[in-house]
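Following: one structure in structure tokens, then a few remarks.
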Amino acid sequence: MESSQILSGAVALLRRAGIRLTSGSLDAWDLTLPDGRELSTRMRVSRRPPTPTVLTCLLAKPDPVRRVLVVTPRATTHLRTLAADGEVDVVAVEEDLLVLVGVRYDVADTESLTAVPTSVARGRKPWIRWALARALLLADTAQTQHRLAELLGVSQQAVSLALKQLQAVQRTEHGWLAASPGELLAEFLAGYPGPSGAVTYWYGLDPVIAQATAAVEFCTQQGISVLVSGDAAADVYAPWRLPTRALLYTDRFVDLSVAGFSPATEAEHTLAVQVPADPTLWRTATISEPALLADPLITAGDVLRTGGADAAEAAEHVLATIRQRVAL
């Protein structure tokens, strides 16, 4: 399982056990247990169960505020023993195992929020390379290496290395640009797997755009950075199909039950909130207007992933706004 699948599976188990993920990031979760107690954790997400040596190292530096939470597909006997003794907390996604502060929580027999992929890409994701492709496709003029580094908030060395990995770009006396915008767009769409991270799912009764608006307002009031993507953003870039689901990206987890939404499954949700692993989403969002929208390339990809009989055509309408700008 990929880390993002493990994380989203863990979120699903928490929901099914009646445990609220009230706030936190991809490496620290703040939970509210069914009896109302609050639990702060620091997470270790692992594709394989950590060894006894690794666990010893994790527990060697106790945190007076945050307990160690191990999130993994399966738990070893040693890990189960530590969890039962209350020394460590565990979420084993493939086994529906959830042990917090020595207590095992029953998981309701309902559909999991995420499906386990049959195969996944290993290694670190080249977020900077994909962000550069988007930046060059969205820019109106050639971009210097210094400007690209400034835009993405990374070093010029990182930009230089990533540019060498892109096939359809070229350097001019004024800076870098897409030598073949069509090829660069195809390269991005074929390679970018989505922002990864972890997703929570919610259900609301209002029209989808109204739900997205209400959720954005709530996040803004809480000081949470948010971007709108998927059908809701596509409805701004290139209105074409009636939005049936909304997708928001946030810089940390948010409990939308306070805003009137109900927790939901992946199959039933009307609003998804994703904490992305890709750190560049907010950077490339600044290239396009209006504010609070993910850039058109991210939006088009999310429309495709949302699915539906007309998803490809809806995404094509969004991509057309880019093609018009770069004369594809």
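The values are calculated or read from the model by the stated rules, or taken from the named source; none is laboratory data. Please read all numbers here as calculations on a predicted model, not as lab measurements. Cβ: placed from backbone, ideal geometry, glycine included. Neighbour counts: every protein chain shown. Protein only, heavy atoms only, side chains kept; ligands, DNA and RNA dropped before computing areas. Shrake-Rupley method; radii C 1.70, N 1.55, O 1.52, S 1.80 Å.
Points worth noting:
- Taking the numbered list (1) closer than 16 Å to Leu98 by Cβ; (2) assigned to a strand (DSSP E or B); (3) touching an Asp or Glu at 6+ places or on another chain (Cβ under 6 Å) in turn, Arg74 passes all entries but (2).
- Qualifying residue in region 173-185 (condition: without any contact (Cβ under 8 Å) to a residue 12 or more places away in the chain and either over 30 Å from Ala10 (Cα atoms) or of a type in the set (Lys, Arg) (or both)): yes
- If only residues of region 133-148 that are open to solvent by 50 Å² or more (accessible area, probe 1.4 Å) and of a type in the set (D, E, K, R) are counted, the one that is farthest from Pro279 (Cα to Cα) is Asp140.
- Unmet criterion (only one of (1) assigned to a helix (DSSP H, G or I); (2) closer than 28 Å to Val11 by Cα; (3) in contact with a helix residue (DSSP H, G or I) (Cβ under 8 Å, 6 or more places away or on another chain); (4) open to solvent by 30 Å² or more (accessible area, probe 1.4 Å)) for Trp130: (4)
- Residues of region 34-67 that are touching a Phe, Trp or Tyr at 6+ places or on another chain (Cβ under 8 Å) and aliphatic (A, V, I, L, M): Met43 alone.
- Scanning region 32-49 finds one or more residues that are of a type in the set (A, V, I, L, M, F, W, C), open to solvent by 20 Å² or more (accessible area, probe 1.4 Å) and out of contact with any Pro (no Cβ under 7 Å at 6 or more places or on another chain).
- Residue match in region 94-107 (condition: β-branched (Val, Ile, Thr), surrounded by fewer than 21 Cβ atoms within 10 Å (Cβ to Cβ) and in contact (Cβ under 8 Å) with a residue 60 or more places away in the chain): yes
- Scan of region 250-301 for residues that are touching a Pro at 6+ places or on another chain (Cβ under 8 Å) and not polar (S, T, N, Q), ordered by number: Pro276, Ala277, Asp278, Leu281, Ile298
- Residue match in region 230-245 (condition: closer than 23 Å to Arg15 by Cα, buried (at least 16 other Cβ atoms within 10 Å of the Cβ) and either hydrophobic (A, V, I, L, M, F, W, C) or touching a Pro at 6+ places or on another chain (Cβ under 7 Å) (or both)): no
- Scope region 149-195; condition in contact with a Lys or Arg (Cβ under 9 Å, 6 or more places away or on another chain), part of a helix (DSSP H, G or I) and either under 19 Å from Asp302 (Cβ atoms) or open to solvent by less than 50 Å² (accessible area, probe 1.4 Å) (or both); matching residues: Leu151, Leu152, Ala162, Leu163, Pro181, Gly182, Leu185, Phe188, Gly191
- Residues in region 197-229 that are assigned to a loop (DSSP other than H, G, I, E, B) and open to solvent by 20 Å² or more (accessible area, probe 1.4 Å): Leu205, Asp206, Pro207, Gln222, Gly223, Ser225.
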